[in-house]
Amino acid sequence: MTKQNSGHCSVQDGVPNSSPHREAGEELLDKQQLQERMSLIGRKILVMSGKGGVGKSTVAVNLAVTLAMHGHRVGLLDVDIHGPSVPKLLGLGRETIHTSDGAVLPVEYTVDGHNIHVMSIGFLLENPDNAVIWRGPVKMGAIKQFLKDVSWGALDYLIIDSPPGTGDEPLSVCQLINGLDGAVIVTTPQELALVDVRKSVTFCRQLRLPVLGVIENMSGLLCPHCGERIDVFSSGGGEKMAGDMGVPFLGRIPIDPEIVKSGDEERPYMYYYPKTVTAQRFDKIVDRIAGNESSVASGVKNKNTV
Ligand code: ADP
């Protein structure tokens, strides 16, 4: 550390250990390091949901995998501190974290010859059944380290899977990343889920975070016998909510037993089942998020919809 002229303070190395000056200096340095890391990443996208179990992590993982399959350089950060699903969904449950030159190395997941850089609190747990019992500021500290200390390198996309709701984790991401592109909000179509997803939209508005769009997941089940659609959780609610709230609608994903299977087998659906109707629908949604195709919504446009 460079010596500073600190007036009447008695100092050995510029400023004493816990002085406000030192803390402010460290904070500034942290901020610069964080900004430098993030400046190498093209688009940073937060995946949110109002409720748990609506398929948010499944969407985040398959979004990252699809973008990588399209040749993009992708990072996937799991900030679901209390319930990290990303390692399991990619079969990376046994991975641990390594460091090099003071930076944390992301775990690599290779798809179609492209490496996805993955980071999750799950890699730090000795046993996946262990519970992480942390309060807000500690969680924010961990998320900051994930963003700042992981050697993400130059990426086209960083997909961030946050826990359900509008708590500390999505708030930390919004506060820490200057230039977050926006949020993709995942919901199921029934009213009970939509009540909470409206809060996610309001959260984004309050934080001036663009809503890239809403995905209606588990939208109808195609009967494998007669082909008729059964609306298990109703249908169209996500699209209507998006229209009512004036945010883009990205599309519907049906209930597909193979999504459950691929999740349980720890293999990403979009890579292992790329030819299905569900995969084609998801591919279109990814195109809309990437800005290659307009959103379905009610004429709502933002910088990522054409
Ligand atoms: P969340 O992150 O919202 O808690 P997950 O992504 O963990 O939800 O998904 C919860 C469960 O629902 C998983 O078993 C997953 O395989 C399943 N699932 C997600 N989307 C679908 C879908 N479209 N059809 C069938 N099952 C799905």
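The values are calculated or read from the model by the stated rules, or taken from the named source; none is laboratory data. Since the model is a prediction, treat every value here as computed from it, not as a measurement. Cβ coordinates were reconstructed from backbone atoms using ideal geometry, including for glycine residues, and neighbour counts include every protein chain displayed. Only protein heavy atoms, including side chains, enter the accessible area calculation; ligands, DNA and RNA are left aside. Shrake-Rupley method; radii C 1.70, N 1.55, O 1.52, S 1.80 Å.
Tabulated results
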read-out	value
Volume per residue of the C-alpha convex hull in the stretch 108-160, rounded to whole Å³	108 Å³
Neighbourhood net charge (13 Å Cβ-Cβ; Lys/Arg +1, Asp/Glu -1) for Ser49	-1
Part-to-part distance (alpha-carbon centres) for the stretch 173-222 and the stretch 48-92, which is given in Å	15 Å
Summed side-chain charge close to Leu92 - residues other than Leu92 whose Cβ falls under 13 Å, Lys, Arg +1, Asp, Glu -1	-1
Residue-averaged 222 nm ellipticity for the chain, from DSSP H runs of 4+ at -39500 (n - 2.57), nearest 500	-11000 deg cm²/dmol
Burial order of peptide ranges 140-148, 199-207 (average beta-carbon count within 10 Å, highest first)	140-148, 199-207
Nearest-ten-degree value, helix 136-149 long axis tilted from longest Cα axis of the chain	90 degrees
Ratio of the Cα radius of gyration of the chain to 2.2 N^0.38 Å, where N counts its residues	1.07
Percent accessible area from carbon and sulfur atoms, the stretch 129-238, protein chains only, probe 1.4 Å	53 percent
The stretch 133-208 - percent relative contact order, Cα under 8 Å, separation 6 or more	29 percent
Highest to lowest packing among 216-224, 264-272, scored as the average C-beta count within 10 Å	216-224, 264-272
Å² of accessible area per residue within the stretch 29-289, as computed with a 1.4 Å probe and no ligands counted	44 Å²
Degrees separating the helix 56-69 axis from the principal Cα axis of the chain, which is the longest one	90 degrees
Computed over the chain: relative contact order in percent, which uses C-alpha pairs under 8 Å that are six or more apart	20 percent
³J(HN,Hα) computed for each position of the stretch 266-280 - Karplus, 6.51 cos²θ - 1.76 cosθ + 1.60, integer Hz, glycine/proline x	6, 10, x, 3, 5, 8, 8, 10, x, 9, 6, 4, 4, 5, 5
q = 0.12, 0.17, 0.22 Å⁻¹: log10 I(q)/I(0) that the Debye formula gives for the stretch 196-306, counting C-alpha atoms only	-0.47, -0.89, -1.22
Listed peptides 156-168, 36-48, 98-110 by packing density, highest first (mean Cβ within 10 Å)	156-168, 36-48, 98-110
